[in-house]
């Protein structure tokens with residue numbers, strides 16, 4: 001098994017606690033509204049929503065994916081850190097056993113936040129993976145935060 005690490009960061013105009021709440025704590029309800037047609041639904045399959053829980057993300061028809069199951073590893077509200085691992089689903093394809101993700105929201109000087117994302121892609125066997133494809137996938141993941149930001153700006157009471 002090989003491991004490929006990818007890191008990205010993106011500036012957001014929403015403060016860390018608010019974007020963390022929208023993505024992690026209210027994500028099951030808010031994310032499908034922020035990206036309609038892309039993510040159809042998120043549902044808790046096992047657990048109480050804390051570490052060790054399993055949730056499923058169902059994608060829209062035009063995305064090329066059906067679903068991914070994620071295990072919640074860490075929810076640190078105080079430091080705005082969320083860690084989760086993609087453990088099943090067509091998003092993993094035939095190349096990956098799992099993908100572990102760490103998302104951290106830090107305060108920026110302008111009152112917004114910096115979203116720092118780190119992912120570890122665990123390949124199956126000695127499969128060689130196109131790292132440009134991984135980078136493009138990570139860009140899509142980071143784009144989700146921009147969509148949540150836009151939703152929160154358009155719906156300040158959300």
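Read-outs: derived from the displayed coordinates by stated rules, not from any lab. Bear in mind that the values here come from a model prediction, so they are computed numbers and not experimental data. Don't worry about glycine lacking a Cβ; one is built from the backbone with ideal geometry, like all the others, and counts go over all protein chains shown.
Computed over the alpha-carbon atoms, the chain gives an Rg to Rh ratio of 0.95, Rh here being the Kirkwood radius from the mean inverse distance. On the basis of the beta-carbon distance and an R0 of 41 Å, residue 78 and residue 130 show a calculated FRET efficiency of 0.60. Using the Cα gyration tensor of segment 1-80, with a ≥ b ≥ c the square roots of its eigenvalues, what is the shape: rounded (a/c below 1.5), prolate (a/b larger than b/c) or oblate (neither)? It is rounded, given that a/c, with a ≥ b ≥ c, falls under 1.5. Length gained on full extension, residue 146 to residue 1: 48.9 nm, using 0.36 nm per residue less the C-alpha separation.
Here is how the number arises for the chain: DSSP H runs of 4 or more residues each give -39500 (n - 2.57), the sum is divided by the residue count, and the result at 222 nm is -7500 deg cm²/dmol. In nanometres, what is the gap between the two model label sites at residue 88 and residue 137, each 7 Å from Cα along Cα-to-Cβ? It is 1.8 nm. The calculated FRET efficiency for the pair residue 153 and residue 67, based on their C-beta separation and a Förster distance of 30 Å, comes to about 0.55. Across segment 43-85, the volume of the C-alpha convex hull divided among the residues equals 76 Å³ per residue.
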